[in-house]
Every structure is written in C-alpha cells, then in structure tokens.
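Undergrad: Could you have a look at this structure, given as structure tokens, before my questions?
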Amino acid sequence: MPVIDKIPPQRSIQHENRPLSAMPPHTPVHQDDGTRALLQAGLWITLAGVLALVATKILFGGIGITGPHTNSGWLSFMFALMGTPFGLMLLVLGAAKWLRNRQAAHH
C-alpha cells in the first residue's frame with residue numbers, strides 16, 4: 001500500500017483561524033480566553049519580584065555600590081530583576097485583553 005493512501009484527507013479550517021475582528025458582530029466573545037489567568041499570574045509574579053527586592057535590601061544584607069553583599073542577596077536580586085518586568089508584561093497583556101473583551105462585549 002503506498003504511503004499516500006495512509007494520509008487522511010485535509011479538512012477545511014478557514015473559519016477556525018479567523019481573527020476576532022473578522023468574526024460577525026453577533027458572535028459572542030469566548031469567556032475563557034485566558035485573560036483572568038494572565039492577570040492573576042502577572043499580579044503574583046510582580047508581587048514576588050517586588051518582595052524579592054525588598055528582601056534583598058532588608059533581609060539579605062542590602063545592596064552596595066557593587067551589588068548585594070551576600071550570595072542569597074544576589075539570588076533574590078536576580079529573581080527581582082527577572083520577575084518584576086515579566087510580571088508587569090503579563091499584567092499589561094492581561095489588561096489589553098480585558099479592554100478588548102470589554103469593547104467587544106459592548107458592540
């Protein structure tokens with residue numbers, strides 16, 4: 001049996017990949033599109049990054065001209081420098097999706 005006979009026929013998926021703006025106006029916005037998860041994750045990661053920065057300054061010896069004074073201070077400082085921008089990015093993305101959903105619901 002040739003390999004070509006084992007390949008299933010392709011389905012038409014043109015309607016599944018349309019952007020939200022191409023949808024008809026009466027189509028409801030899907031409720032679980034990840035907006036809530038983005039906002040929650042962004043909030044918690046940002047909060048953890050800020051707490052890591054506070055812990056670096058207060059609990060782990062502070063930050064001098066050359067950086068934190070202890071190894072645990074460096075670890076905490078690195079997490080703060082990575083977690084805070086990433087969490088803020090998630091918050092901004094979640095807020096943009098929330099505004100888009102709100103606008104789509106009113107039209």
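Undergrad: Quick one: would you say Met89 is under 28 Å from His106 (Cβ atoms) and modelled with pLDDT of 75 or more?
TA: yes
Undergrad: Working only within segment 43-78, note down all residues that are touching a strand residue (DSSP E or B) at 6+ places or on another chain (Cβ under 6 Å) and either loosely packed, with under 14 Cβ neighbours inside 10 Å or hydroxyl-bearing (Ser, Thr, Tyr) (or both).
TA: Thr56
Undergrad: Let me ask another. Filter segment 38-83 for residues that are part of a helix (DSSP H, G or I) and among the aromatic types (Phe, Trp, Tyr); which is farthest from the chain's Cα centre (by Cα)?
TA: Step by step, filter segment 38-83, then rank; the result is Trp74.
The values are calculated or read from the model by the stated rules, or taken from the named source; none is laboratory data. On a predicted model such as this, the values are computed, not experimentally measured, just so you know. Cβ: placed from backbone, ideal geometry, glycine included. Neighbour counts: every protein chain shown.
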